[in-house]
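Reviewing the structure listed below.
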Amino acid sequence: MELELWEKAHAEAFLNIKESLPKVRGMFVAYNSNIDAIKHITEGDIAKLIKLVDLNEIQQKVASYPREIQTPVDFLARLIIAMRDGKAAEVPTYTSDIHEWLMDNLVFDKARMGGQAGIISNHLVHLGIRKVITYVPWLSSEQAEYFSKSKNLVHPVIKDDVLLLKHPTEAYNPKFKPRVNWIIEFSKGMKVKYGCEQFEVPRDNRLIISSRPPWIRIDMPRKLYDQLPKLQEDVDGAILAGYQMIRENYEDGTTYHEYIGRAVNVIERLKEGNSDIRIHVEFTSISNKVIRKAILKDIVCRHVHSLGLDTVEVANALNVIGFEELAYSVIDKDEKAIVALYEGAVRLLHELKLERVHVHSLGFYICVISKDHPLGLEGHKKALLFASTLAATQASLGDIHSIDDVAKGLEVPVSRKGYEELEILGKYLVRRDICSMEEFEDGCISTPTHDVVIIPTKIVDDPVATVGIGDAISAGAFVAMLAEMK
Ligand code: ADP
């Protein structure tokens with residue numbers, strides 16, 4: 001299909017999905033939301049912070065590469081490394097000390113909703129979904145303020161053993177403290193000097209300090225858990241994210257096994273109320289391989305229907321489920337990486353016994369679907385095209401306030417680079433007799449063991465923001481799929 005036809009397909013899919021979205025009764029979304037405190041750091045800020053600590057200690061820490069932020073020196077070392085390499089990084093911190101130090105010595109420029117579940121909840125409400133039931137185990141009064149003010153966005157509360165659905169601003173626990181992640185953005189060309197070391201930042205990027213205080217648990221009060229099946233009248237699907245917060249060991253002697261078990265129980269309870277419910281898990285980077293593997297093998301496998309992830313996350317997932325070589329090929333700079341990506345998505349579908357694996361990359365999406373999925377391939381294709389328009393809108397506007405805003409994304413052209421990259425995959429699939437060139441060009445492929453939808457996507461050259469686009473893509477495609485299933 002020529003590029004102009006893909007443009008047309010995007011426009012048609014948008015109108016179609018816009019019409020079918022109101023059929024979705026609602027979505028349950030859990031677990032992670034936090035407040036993102038964003039600071040665009042300057043050369044002056046860095047020089048000031050470095051003066052506050054011991055220079056030798058920074059040099060030692062830059063060499064030893066701290067994997068956790070305990071002190072201001074750890075923070076500065078990881079910031080210097082990220083700036084020196086121009087690479088994005090996310091480092092956990094387990095106390096609130098560094099937050100307080102940053103508040104005293106740096107102060108943020110702006111704050112906004114963060115965390116996959118929080119971002120997705122707001123997105124869905126803005127798209128006009130009738131009911132979004134968001135659940136945050138650590139909902140504080142500060143956090144509640146970052147949720148959309150819509151009455152369609154609610155949080156479960158148990159009062160006198162009765163399940164109530166209230167807006168987060170009426171549902172928070174006053175005893176909870178806010179969870180704040182710091183996002184330190186830096187720009188290409190900034191000059192950094194510490195001691196006799198000096199460098200220039202090669203690329204715009206960001207360092208995220210992810211706050212994981214000990215009270216953060218992926219959990220649910222027993223009474224709420226018992227009443228989950230009652231949500232059946234209100235939801236057709238659930239989007240679950242934040243499992244990366246699970247730790248191997250806790251101070252009270254519990255281990256990740258306990259929390260993995262509870263996470264699975266929540267899914268089972270949701271299914272109890274509605275056997276047609278579809279469960280989507282949004283994956284993310286998880287450096288701890290024990291946890292990464294447990295999430296995939298024990299939560300996702302057999303319990304979940306749909307998995308959303310980017311290319312690096314496909315490699316990370318393959319790596320812990322026994323496909324190391326394929327994982328390396330996925331992140332290889334070689335042009336065959338796209339073939340490995342497709343093969344990797346197929347492995348994930350089969351190994352994890354999923355119904356759907358949606359991989360998003362810059363310029364194209366690949367969605368591998370099980371043969372027994374009730375929705376036809378055209379429906380899946382429309383859902384992906386809708387998500388591509390949604391991503392383009394998010395990148396152009398920075399935020400989406402209503403479904404009508406999404407029309408803005410239609411003005412963004414489909415990426416020629418993505419389209420050309422897909423040709424490599426097309427040739428491979430045709431050579432292997434997996435499909436004909438016509439089928440590939442149409443984007444819908446049926447094989448004896450699985451189906452596939454592959455589309456080139458719209459890319460904004462100069463995005464106003466990039467955070468959360470992946471979440472918008474996965475949630476948008478999943479809810480559009482539910483709408484098409486109605
Ligand atoms: P995040 O977690 O910050 O959302 P991800 O890696 O999960 O990051 O998702 C990023 C996705 O967003 C990419 O895979 C790509 O599909 C999409 N994307 C990134 N930049 C743009 C852009 N400028 N225009 C359109 N889509 C974009």
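When the residues of segment 180-201 are filtered to those that are charged (D, E, K, R) and within 18 Å of residue 52 (Cβ to Cβ), the one that is modelled with the lowest pLDDT is 197. Every test in (1) touching a residue at least 60 places away in the same chain (Cβ under 8 Å); (2) buried (at least 20 other Cβ atoms within 10 Å of the Cβ); (3) farther than 25 Å from residue 177 by Cα is passed by residue 69 save one, and that test is (3).
Sort out which residues of segment 381-410 are charged (D, E, K, R), more than 13 Å from the ligand (Cβ to nearest atom) and farther than 27 Å from residue 440 by Cβ, and write them in order of number. Give the steps one after another, and end with the answer.
Within segment 381-410, the subset charged (D, E, K, R) is 381-382, 399, 404-405, 408.
Narrowing further to those that are more than 13 Å from the ligand (Cβ to nearest atom): 381-382, 399, 404-405.
The answer is 399, 404, 405.
Could you say which residue among 447, 393 is under 23 Å from residue 11 (Cβ atoms), without any contact (Cβ under 8 Å) to a residue 60 or more places away in the chain and polar (S, T, N, Q)?
Exactly one of 447, 393 is under 23 Å from residue 11 (Cβ atoms), without any contact (Cβ under 8 Å) to a residue 60 or more places away in the chain and polar (S, T, N, Q), namely 393.
Selection within segment 411-438: residues that are within 13 Å of the ligand (Cβ to nearest atom) and not small (Gly, Ala, Ser). The member of this set that is nearest to residue 463 (Cα to Cα) is 412.
When the residues of segment 366-376 are filtered to those that are part of a loop (DSSP other than H, G, I, E, B) and either within 16 Å of the ligand (Cβ to nearest atom) or under 17 Å from residue 434 (Cβ atoms) (or both), which remaining residue is farthest from the chain's Cα centre (by Cα)? The qualifying residue farthest from the chain's Cα centre (by Cα) is 371.
Can you tell me which residue is nearest to the ligand (Cβ to nearest atom) among those in segment 292-334 that are of a type in the set (Val, Ile, Thr) and outside any helix (DSSP H, G or I)?
Here the residue is 304.
The set of residues in segment 335-365 that are within 16 Å of the ligand (Cβ to nearest atom), over 16 Å from residue 424 (Cβ atoms) and in a helix (DSSP H, G or I) contains only 348.
To keep it simple, each residue is scored yes or no on (1) within 21 Å of the chain's Cα centre (by Cα); (2) within 20 Å of residue 36 (Cα to Cα); (3) surrounded by 17 or more Cβ atoms within 10 Å (Cβ to Cβ); (4) of a type outside the set (Gly, Ala, Ser).
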| position | (1), (2), (3), (4) |
| --- | --- |
| 176 | no, yes, yes, yes |
| 250 | no, no, no, yes |
| 259 | yes, no, yes, yes |
| 267 | yes, no, yes, yes |
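In the set 285, 275, which member is of a type in the set (Ser, Thr, Tyr), away from the ligand (no atom under 16 Å from the Cβ) and modelled with pLDDT under 95? Answer to the check: 275.
None of 471, 462 is within 16 Å of the ligand (Cβ to nearest atom), under 22 Å from residue 313 (Cβ atoms) and among the charged types (D, E, K, R) except 471. Screening residue 167 on (1) crowded, with 16+ Cβ neighbours inside 10 Å; (2) farther than 17 Å from residue 154 by Cβ shows it passes everything except condition (2). Among the residues of segment 174-211, the ones that are touching a Ser or Thr at 6+ places or on another chain (Cβ under 7 Å) and not hydroxyl-bearing (Ser, Thr, Tyr) come to 10 in all.
Taken over segment 414-445, the residue count meeting the criterion of being touching a helix residue (DSSP H, G or I) at 6+ places or on another chain (Cβ under 7 Å) and surrounded by fewer than 16 Cβ atoms within 10 Å (Cβ to Cβ) is 5.
Would segment 107-127 turn up any residue that is without any contact (Cβ under 8 Å) to a residue 40 or more places away in the chain and over 23 Å from the mean Cα position of the chain (by Cα)? No.
The values are calculated or read from the model by the stated rules, or taken from the named source; none is laboratory data. Predicted, not measured: the structure shown is a model, and the values here were computed from it. Every residue, glycine among them, receives a Cβ derived from its backbone with ideal geometry; neighbour counts consider all protein chains shown.
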